[in-house]
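The values are calculated or read from the model by the stated rules, or taken from the named source; none is laboratory data. If you're wondering where the values come from, they're calculated on a predicted model, not measured in any experiment. Note that each Cβ is placed from the backbone with ideal geometry, even for glycine, and that neighbours are counted across all protein chains shown.
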Amino acid sequence: MQANQVRQFVERYLATFSAHIVESHPDYLTVKLPVEVDKDIGNRPFYWSWVDKMNLAYQPLVLTFAFHPDRMPDGLRAEHLHLGAGRMQQIFASAKKHGQFVCMYEQNTASLPATGKRRSTPLVPWLGINLKVSFLCDKRRDLMLYLGVNLHQPRVVHDFSTYLFQLPLSPAIPDYFYTLDRKISVEDALQMARQEAEAVIAKEDQAWAAEAKARLAEELDILAAYYEELAKREPQAEQADADDEEAEKAEEPQAAQAIVPLPQTEAPPVAEPVVEATQTIDEYRSSGGRILDFLRANGIQVTPREEINQEEWKKSTPEEEKQRRMDELRWQYEPRIEVHFINGGLFYLHSNPPVQKLSGAKTVRHLPTNGRIM
Amino acid sequence: MPNVPVSFDTSWISPLTERLHEDGPWDKWELFKLALEAEEAMAVREFDSLQCLNYLPLLSPFPHQLQTAERVLNDMRGRAILADEVGLGKTIEAGLIMKEYMVRGLAKKILVLVPASLVIQWTKELQQKFGIPAVAQKKEYMWRQHEVVVASIDTAKRDPHRRHVLDIDYDMLIIDEAHKLKNKRTRNYQFVKEIRKKYCLLLTATPIQNEMDELYNLINLLKPGHLGHSTSFSTNYVEGKRQSKNSEKLREEIEKVMIRNKRSDGGIQFTSRRVQSIPIELTQEEMKLYEGVTRFVHDQYKTGTGLFNSLALITLQREVCSSKEASFMTLYNMHQRTSEESLLRAQILELVEMIKRIETHSKAAKTVELIQQINDKVIVFTEYRATQNYLQKYLHDHGITSVPFRGGFKRSKKDWMTDLFQNRAQVLIATEAGGEGINLQFCNQVINYDMPWNPMRVEQRIGRVHRLGQKRDVHIYNLSTVGTIEEHILKLLYEKIDLFEMVIGELDDIVERLNLSSSLEENLTQIIMDSASTREMALKLDNMGHAIRASRQPHVAPALSEAAEQ
């Protein structure tokens, strides 16, 4: 993303929340953050839990974003906003959070016959889903899939979102239009989309996966051969190693060997950690919790003094080591494909998206490069 | 794609179905578009091209650094030894690789193990240069709680930290100064071997000059079995402890797992060094002191009551060349160790008297002159704390602002002093060991107030300013007191071996190959002490210089003269 694209993105994002722009200068932007934006990107979750609990009027955050590192405003505290900036990632996450599901209706266009009598025009229901397909091994590649499923006459089209962005859409149904029934359920539509996605995947170049698998097999072989040799040649060497370790231990400074003496009485009962399922630390903090409580509650125990034991040192056996290494290799190389849902929605259209043949879909579909969709 | 598992995200079905039933709540269309654009911006288009630069607008890596990153990602699949020569920016290379994996979502949980003295610096560099949310490990919970943790091996391998480190699956493990792990019998090595990791980078200074099995051990941490079993490795590749056979094949194998960029590779431009020798004429009193001390030192060495060892004696002699303050401190300490009424004590007191009679300070005066002439930022290096303190005062008295820099300073103080030097003071007065990890490229003038006897340390001093990123030629002024051992070492050794003109890292090579490093100072001490005459000393030093010169790589010499011509 270039600097101007970053700026446009940010301006549009803020506009959707009706943010008050305090100052707009060619090189920077000063804005008063609206509540939702503040909660998403303001980095002050404790402040918000306080304000919400106490029902207070809040003090808005005013931030200045600059888009060119060498053209920072004088006298103002500004932050450089770019693709890699932490704040930018937060803005992205916020947009994604608030832009998940939509329901839109195509508006009246000039293409419809202007008749004296107003007739009702049918709108076809479509399920639009935007997916990101990731091809993963120790490397990664992404493919964007914008699918549309016609819920009235079931079929799947590609580049649905690209097509949508050319249409005049609105969240309200226009006058003199009516919607057609859904002939298939959302679940069925999902199935169709899924099959389409899998078909696309099947047509993609497989070389990467084959290569990764070959590489994995090769590495596993080398590893297996190595450990076999090791087993043959080193049963005595193991003993020698153990002796060396003894000698080395004796040399190490006493401090490293200090064993904290166990208490004479029985150790106090260590409470079982209550592992709470899915709350992240951010969620916890934004609900006003303290970090230590969170840690204890989530099983990140601080090891009590009595349990610290410097002596305990069990070296892995070659077998264990080999297994671990093999697991690591699989973790690294094993090819897999993940399909993630980005966002989606229901679309009622009277226009028809073009049906493309599947064959072409090898390259990544890009949105128009000027950075604006509309 | 047959046999490649496909996982399909279905978490969105029920939220969507719910909204269909309730006809809402629906999100805004504009945000829907923005969300899609955001994903587009972050999508990884191709397997093999670097993305991280899009996220690092303020970083301008050098071509060799980018190439290294690409090789590690594409060819070495994320497991590699980075063994660039000193000054070529290994940390940047490691940061680029880390960032690339993070941007691709292939690495989240990362562990960086570095020497304790470098923990804070690594943390800061990762944060500031790469926008990576690294934290320096302090409390126990931090191992689990944070994604990118920087710590020292010594801490990590001990309980209660060990239990966490060995329990976590790290997407990436980075180890700095990995050459310290060359011995597989050490606890550190055993510990590192146990850590579970997907990608791994080992950063090291000079792996190949070391013993062959050291290299083998390092590679075993990374990709066990890649060079075969140790005995077959020995049979195939090792001639003697330091010699390799089947070099071609060995080199090929090693290149699969290790990257070593050299300065001489070309395309890497360093500015040049301009060295000047500044002789200091001592006043009569100063000379008397020097001669007195020299006599004392020789007597003690020869007749040897054994109270003072040769190292202490020669240190005294060198200190006299530095400043009377430094020698005073040593004499004082010696005085305390002698018994009342002894001849020794009397001799020492005599020398102290000579010190008292000196009113001038020729070297310091010359330094002030030089600094005023330079009229820019200067770093003054000295071996002795007493000299450092004295100089600060002396400079102050002559209206020159200066800040001290010592090894003993805590990290934050070092940063503060560097900051002051950059923004407020004209001069930085540094003793040894202040150097590790400090970046002073905004300065290009170095005064060696006195010379260390280990050429490696000379190299380190200069390396503080002469590194990749230094934009100007580096000017080096060597002060030496005329007619003293300081002059001898400078003229007969350092200048003979073109020490100051050597490229960074070249000396590393030579010293390792000739196995000089630990014994160089001892060698020099012996030569000085044992030589009956100056002539004998000159001869012996010359021989030493000869040996060093002979072992310099031939192809470097023409490159140097080219550089000198530019």
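Would you confirm whether or not the range A:153-160 contains a residue that is in contact (Cβ under 8 Å) with a residue 24 or more places away in the chain and within 8 Å of chain B (Cβ to nearest Cβ)? Before the answer, list the steps.
So in the range A:153-160, the residues in contact (Cβ under 8 Å) with a residue 24 or more places away in the chain come out as A:153-160.
Within this subset, residues satisfying the condition of being within 8 Å of chain B (Cβ to nearest Cβ) are none.
No, the conditions are met nowhere in the range A:153-160.
Which of the residues belonging to the range B:27-44 are hydrophobic (A, V, I, L, M, F, W, C) and either more than 17 Å from residue A:167 (Cβ to Cβ) or in contact (Cβ under 8 Å) with a residue 24 or more places away in the chain (or both)?
Start the filter on the range B:27-44 by keeping residues that are hydrophobic (A, V, I, L, M, F, W, C), which leaves B:29, B:31-32, B:34-36, B:38, B:41-44.
Of everything in the range B:27-44, those that are hydrophobic (A, V, I, L, M, F, W, C) and either more than 17 Å from residue A:167 (Cβ to Cβ) or in contact (Cβ under 8 Å) with a residue 24 or more places away in the chain (or both) turn out to be B:31, B:34, B:35, B:38, B:41, B:42, B:43, B:44.
For (1) hydroxyl-bearing (Ser, Thr, Tyr); (2) surrounded by 19 or more Cβ atoms within 10 Å (Cβ to Cβ), each residue gets a yes or a no:
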| position | (1), (2) |
| --- | --- |
| B:383 | no, yes |
| B:388 | no, yes |
| B:393 | no, no |
| B:398 | no, no |
| B:402 | yes, yes |
| B:415 | no, no |
| B:430 | no, yes |
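Among helices (runs of 4 or more DSSP H) entirely within the range B:1-78, having at least 3 residues that are at the interface with chain A (Cβ under 7 Å from one of its Cβ atoms) singles out B:13-22, B:29-42.
Might you let me know whether the range A:117-129 holds any residue that is surrounded by fewer than 16 Cβ atoms within 10 Å (Cβ to Cβ) and within 11 Å of another protein chain (Cβ to nearest Cβ)? Steps first, please.
The initial filter retains those residues of the range A:117-129 that are surrounded by fewer than 16 Cβ atoms within 10 Å (Cβ to Cβ), namely A:117-122.
Now restrict to residues that are within 11 Å of another protein chain (Cβ to nearest Cβ): none.
There is no residue in the range A:117-129 that is surrounded by fewer than 16 Cβ atoms within 10 Å (Cβ to Cβ) and within 11 Å of another protein chain (Cβ to nearest Cβ).
All of B:349, B:313, B:307 fail the test of being surrounded by 15 or more Cβ atoms within 10 Å (Cβ to Cβ) and out of contact with any Asp or Glu (no Cβ under 6 Å at 6 or more places or on another chain), apart from B:313. Looking across the range B:104-126, the residues that are part of a helix (DSSP H, G or I) and touching a residue at least 60 places away in the same chain (Cβ under 8 Å) come down to B:117, B:118, B:120, B:121. Determine, yes or no, whether residue B:129 is closer than 30 Å to residue A:335 by Cα and either away from every other protein chain (no Cβ under 13 Å) or in contact (Cβ under 8 Å) with a residue 24 or more places away in the chain (or both). No, not satisfied.
Restricting the search to the range B:463-488, which residues are closer than 18 Å to residue B:367 by Cα and not hydroxyl-bearing (Ser, Thr, Tyr)? If the condition is that a residue be closer than 18 Å to residue B:367 by Cα and not hydroxyl-bearing (Ser, Thr, Tyr), then B:474, B:475, B:476, B:478, B:479, B:482, B:486, B:487 are the ones that fit. As a summary of the residue check, residue A:141 satisfies the conditions (1) farther than 30 Å from residue B:44 by Cα; (2) facing another protein chain (nearest Cβ under 8 Å) except for the one numbered (1). Note on the range B:175-199: among residues that are part of a strand (DSSP E or B) and either of a type in the set (Phe, Trp, Tyr) or facing chain A (nearest Cβ under 9 Å) (or both), the one that is surrounded by the fewest Cβ atoms within 10 Å (Cβ to Cβ) is B:196. Only a single item in (1) assigned to a helix (DSSP H, G or I); (2) buried (at least 16 other Cβ atoms within 10 Å of the Cβ) is not met by residue A:202, and it is number (2).
Answer yes if at least one residue in the range A:92-105 is under 28 Å from residue B:100 (Cβ atoms) and of a type in the set (A, V, I, L, M), and no otherwise. Yes - at least one qualifying residue is present in the range A:92-105.
Please tell me if residue B:167 is surrounded by fewer than 20 Cβ atoms within 10 Å (Cβ to Cβ) and without any contact (Cβ under 8 Å) to a residue 24 or more places away in the chain. Against the criterion (surrounded by fewer than 20 Cβ atoms within 10 Å (Cβ to Cβ) and without any contact (Cβ under 8 Å) to a residue 24 or more places away in the chain), residue B:167 qualifies.
When residue B:456 is tested against the conditions (1) modelled with pLDDT under 80; (2) part of a helix (DSSP H, G or I); (3) farther than 26 Å from residue B:540 by Cα, the lone failure is (3). Scoring residue A:18 on the criteria (1) closer than 29 Å to residue B:128 by Cβ; (2) among the hydroxyl-bearing types (Ser, Thr, Tyr); (3) within 14 Å of chain B (Cβ to nearest Cβ) leaves a single failure, condition (1). Of all residues in the range A:28-71, those being closer than 29 Å to residue B:56 by Cα, touching a strand residue (DSSP E or B) at 6+ places or on another chain (Cβ under 6 Å) and not in a strand (DSSP E or B) number 1.
Can you work out which of the residues in the range A:74-84 that are assigned to a loop (DSSP other than H, G, I, E, B) and surrounded by 15 or more Cβ atoms within 10 Å (Cβ to Cβ) is nearest to the other protein chains (Cβ to nearest Cβ)?
Pass one, the range A:74-84, residues assigned to a loop (DSSP other than H, G, I, E, B): A:74-78, A:81-84.
With the extra rule that they be surrounded by 15 or more Cβ atoms within 10 Å (Cβ to Cβ), the set shrinks to A:78, A:81-84.
Numbers: A:78: 15, A:81: 10, A:82: 5, A:83: 5, A:84: 3 Å.
Step by step, filter the range A:74-84, then rank; the result is A:84.
Of all residues in the range B:352-378, those satisfying the criterion of being within 19 Å of residue B:450 (Cβ to Cβ) and surrounded by fewer than 15 Cβ atoms within 10 Å (Cβ to Cβ) are B:360, B:365, B:369.
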